[in-house]
Each structure stands twice: as C-alpha cells, then as structure tokens.
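This report concerns only the one structure given below.
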Amino acid sequence: MSFDVDVTVRRGGRDLHVAFAAGGGVTILFGPSGAGKTSTLDMIAGLLRPAAGHVRVAERTLFDHAAGIDLPPERRRAGYVFQDARLFPHRRVRANLLYGARSDARLAEVAATLDIAPLLGRWPRSLSGGEARRVAIGRALLADPDFLLLDEPLSSLDADRREEATRAIERVRDAAGLPILLVTHDAAEADRLGDRVVRVG
Amino acid sequence: MEDVAGIVRLSLLVGLVATAAALPVAFALAWVLARWRFPGKVLLDGLVHLPLVVPPVVTGWLLLIAFAPEGPLGSIGDRVLFRWTGAAIAAAVMALPLMVRAMRLSIEGVDRRLEQAARTLGASRWRAYATVTLPLALPGVLAGAMLGFARSLGEFGATITFVSNVPGETQTLPLAIYAALQRPGGEALVWRLAAVSVALSLAALVASEALARRAGRGVHVL
C-alpha cells in the first residue's frame, strides 16, 4: 500500500474521520469544500496532529497514536504542494526550488519538466498563479520526497493555465513514479488524473 | 559647557549602547509575545509597556533604588551611578517598549504557513526560523531598533533622575538643553542643541520608516 491512512481529528466541535488505503499512482481525495480534505493532507504531512489513528506511507509509519509515533514534518519526506503555493517571497525562484534540495543536480531536469526554466531568476511576486503552482511543484520534487500531496493544484487557474498544470502533473506522475495524493472538488479533474477516488465528507 | 560636538558624541554613544543592549532583549520579548501562549502573558505584556506610561521620573527612581548600594544590583552601582553607562541603561529601559512593539508586529506579520512549507521541505524548526521567519521579520526588527535609538536620543526624565546631569558623563542632548535653559544667556546654545536634536531624531525616524516600508513590501506576496 502506498497510502494507509486512518485519522481522526476534532474540528469545530465535531470529529472528522478519514480512512483509506491506496496503491501507487494518483489517488484523488474528492469531496465538497470544508469536508476536511486539506486537514487530511496536513495530518499526513505532519502539520496537524490527529487525535487518533495512524498514517503510513510507502510502508513507513509517519504517525501512530497507539504506538506513540509522530515524526516531525521535516522527517516525513512529503512533497507537499499547497493550494496557495507558499513560495518564499524573499528568495528568487531558483532559491525557492533548491530550498529542500541536497544539490542542484536535478534542477535543470525538473525545471524542464515543469516548463519553468525561464523563471529561475524571477521573484515569486512577479509570477502568475499558474507559474507559482509549477514552481511549488518543482520545489517539492527537488526535496526528493517519498510521495506527493497536491492540494487543489488546478483551482483558480483559467482554462489554458489549467491545461498546462494538468500536463505538468501528468509528466511528474509518469516520470517520478511517486505515489500522489491529489485533493480536488472537481469531478472532471478527478476523472482525468486519478487512478482511484476516495470520497471525503 | 559649550562643547556641542562633545554633547552630540556622548548622546550618540549612549543611544547606540542603549539600542545595542536593548535589541536582543526586545527581540526575545517580541518573539515570546508574538508566538507563545502562556498564563500571565497579559502581565508580561503590561510589564514591558510600563515604561511607556509610567512617569519617566518614576522609572528613573526605580532604577536608582535598584542600583543603590543596598539595592538588588548595588554591587555594580559604582560602574553605573552618575556614569554614562547608567544613562545608557535608563535610555534602554525607556526605549524597550517601543522596540518590542515594532518587532512584535513584524514577527506576527510573517506568514506561519511559510514556516510550515519550509518544514515539509526538510527544514528543522530552527532552520525554518533562521531562513524564513528571521529574514522576513528583519526589516521590521531593524526599524524597531532605529525607533529605539531615536527614543534613546530624546530620553530625559528617567536619565536625570537616575544618573543626574553631569557634564561630559551623563549630560546628553536633552539634559544639556535643560541645563542651558537654566543659565542666563544660554539661549544661543539651546538653539544649536535643539537644531541638532531635531535633525538627529528626524534622520533616525526616516531610516526607521524606510525599513518598515521594506518590511511591508516583502511580506505581502501571493
């Protein structure tokens, strides 16, 4: 199993429970806004502590409430692409991309895959939404993750940018061979990118 | 005493030493107030702000009590009382609340989600602070320091109460102006010292404002 997740967290006075097991490829977390999809990604990445349950990814236990295991985010090897990109505003694109990388050996290859090579010298504030997303994907990939978490990677992009980003994700899926967990509330996006769909909420 | 250059030099020395001494304390307090949640936080916040609202003469008197021979810090009183070092301590205490306020705002202004992003990319908590939080808060921290420096240059009440008005030792610009005002025929000196005061304070404020602007530009992206 690539993802073996069973977590409970208390949110706004009620318990949110998400449980699923999924193999390789792209797994879609599908559900309406506010159903707890992003919270689930946060729990897998170690940014939100579940009240109970476990998180295992690629046979590695990242969190297990019963066994008292709770790896800090920096040891989970999650390639988390946030919905709002979260590029570091004080670093140029190149320095953003290399933030989590051990060396710049794969920079050119990843930049080419994501079509961001011309952006390397730019500041994040000068990027369009689609460009920022692709840089965020590249930054996550260059940190050499064991798996990818993509939070609504296509939302708020216009049709052209959406197509660009979709192709970038497909290339990453095919080239990197990493298990990917992708959050969306868009059925067409789920159909096109997903190998399987997990419903939340 | 008409040595304007000497007075300015002493004021700058006192201001710089006061700011340098207060900077790490102010940053630590600002961090704690911006990031930590603990019982008694309101009390600490109030304590930090006290020098801003208490009459400066009271602050100076409390310092005097503390450093008096029988006070808790009496053992180092010799090196502080009626010395420029004491003037620097008084200026630091009075500048601290302003510095903490400015730094706290800039630390609170850093988007913590950027720290989270750094953590998922493999950065330890400390590396995330050092490479993300600190650089983004830095212009605000420097602006706070500059504001503290400006405040130090203007310190009067606590200083004169704590270390008196000793020419060449504790007589900074405001104290020298006060002394000149007391003296018949001192108006010419007052004019010159006041002009220097205004120019120095204005320069420090402009520098502080410029730094704060830079802080504002860096943080609000995406």
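The values are calculated or read from the model by the stated rules, or taken from the named source; none is laboratory data. Fair warning: this is a prediction, and the values are worked out from it, not measured in the lab. Every residue, glycine as well, gets a Cβ built from its backbone with ideal geometry; the counts of neighbours run over all protein chains shown.
Taking the criterion of being under 23 Å from residue B:106 (Cβ atoms), buried (at least 20 other Cβ atoms within 10 Å of the Cβ) and among the hydrophobic types (A, V, I, L, M, F, W, C), the only residue of the stretch B:41-66 that qualifies is B:48.
Quick one: would you say residue B:114 is over 13 Å from the mean Cα position of the chain (by Cα), of a type outside the set (Ser, Thr, Tyr), modelled with pLDDT of 95 or more and over 24 Å from residue A:98 (Cα atoms)? Considered against the rule, which asks whether it is over 13 Å from the mean Cα position of the chain (by Cα), of a type outside the set (Ser, Thr, Tyr), modelled with pLDDT of 95 or more and over 24 Å from residue A:98 (Cα atoms), residue B:114 comes out as no. The single residue among A:45, A:52, A:78 that is surrounded by fewer than 16 Cβ atoms within 10 Å (Cβ to Cβ) and either among the hydroxyl-bearing types (Ser, Thr, Tyr) or in contact with a Ser or Thr (Cβ under 7 Å, 6 or more places away or on another chain) (or both) turns out to be A:52.
Please state which one of B:132, B:196, B:166 is surrounded by 22 or more Cβ atoms within 10 Å (Cβ to Cβ) and more than 18 Å from the chain's Cα centre (by Cα). Break it down into steps so the answer makes sense when it comes.
Numbers: B:196 fails: surrounded by 22 or more Cβ atoms within 10 Å (Cβ to Cβ); B:166 fails: surrounded by 22 or more Cβ atoms within 10 Å (Cβ to Cβ).
The unique qualifying residue is B:132.
Taking the numbered list (1) assigned to a loop (DSSP other than H, G, I, E, B); (2) within 11 Å of another protein chain (Cβ to nearest Cβ) in turn, residue A:140 passes all entries but (1).
When residue A:145 is tested against (1) in a loop (DSSP other than H, G, I, E, B); (2) within 28 Å of residue A:7 (Cα to Cα); (3) out of contact with any strand residue (DSSP E or B) (no Cβ under 9 Å at 6 or more places or on another chain); (4) of a type outside the set (Gly, Ala, Ser), just one condition goes unmet, and that condition is (3).
Among the residues of the stretch A:57-74, the one identified as of a type outside the set (Asp, Glu), under 16 Å from the mean Cα position of the chain (by Cα) and surrounded by fewer than 22 Cβ atoms within 10 Å (Cβ to Cβ) is A:58. For the stretch B:112-124, residues that are among the charged types (D, E, K, R) and either facing chain A (nearest Cβ under 8 Å) or on the phi > 0 side of the Ramachandran plot (or both) total 2. For the stretch B:1-40, filtered to residues that are of a type in the set (D, E, K, R) and more than 21 Å from residue B:150 (Cβ to Cβ), the residue that is surrounded by the fewest Cβ atoms within 10 Å (Cβ to Cβ) is B:37.
Scanning the stretch B:96-126 for residues that are free of Cβ contacts under 8 Å to residues at least 24 places away in the same chain and assigned to a helix (DSSP H, G or I) gives B:112, B:113, B:114, B:115, B:116, B:117, B:118, B:119, B:120, B:125, B:126. Picking from residues in the stretch B:197-220 that are touching a Gly at 6+ places or on another chain (Cβ under 7 Å) and within 12 Å of residue B:144 (Cα to Cα), the one that is modelled with the lowest pLDDT is B:215. Of all residue pairs spaced 6 or more apart or on separate chains, those with beta-carbon atoms under 9 Å, a first member in the stretch B:27-51 that is assigned to a loop (DSSP other than H, G, I, E, B) and a second member that is surrounded by 15 or more Cβ atoms within 10 Å (Cβ to Cβ) are B:38/B:32.
Check the stretch B:175-193 and report whether any residue there is within 27 Å of residue B:101 (Cα to Cα) and in contact (Cβ under 8 Å) with a residue 12 or more places away in the chain. Break it down into steps so the answer makes sense when it comes.
Start the filter on the stretch B:175-193 by keeping residues that are within 27 Å of residue B:101 (Cα to Cα), which leaves B:175.
Subsequent filtering for residues that are in contact (Cβ under 8 Å) with a residue 12 or more places away in the chain retains B:175.
Yes, the conditions are met somewhere in the stretch B:175-193.
Could you please let me know if residue A:134 is in a helix (DSSP H, G or I), under 29 Å from residue B:109 (Cα atoms) and more than 10 Å from chain B (Cβ to nearest Cβ)? Yes; evaluated as a whole, the condition is true for this residue.
Can you spot a residue in the stretch A:152-160 that is more than 13 Å from chain B (Cβ to nearest Cβ) and among the hydroxyl-bearing types (Ser, Thr, Tyr)? Give the derivation first.
Narrowing the stretch A:152-160 to residues more than 13 Å from chain B (Cβ to nearest Cβ): A:152-155, A:157-160.
After this cut, where a residue has to be among the hydroxyl-bearing types (Ser, Thr, Tyr) as well, the list is A:155.
There is at least one residue in the stretch A:152-160 that is more than 13 Å from chain B (Cβ to nearest Cβ) and among the hydroxyl-bearing types (Ser, Thr, Tyr).
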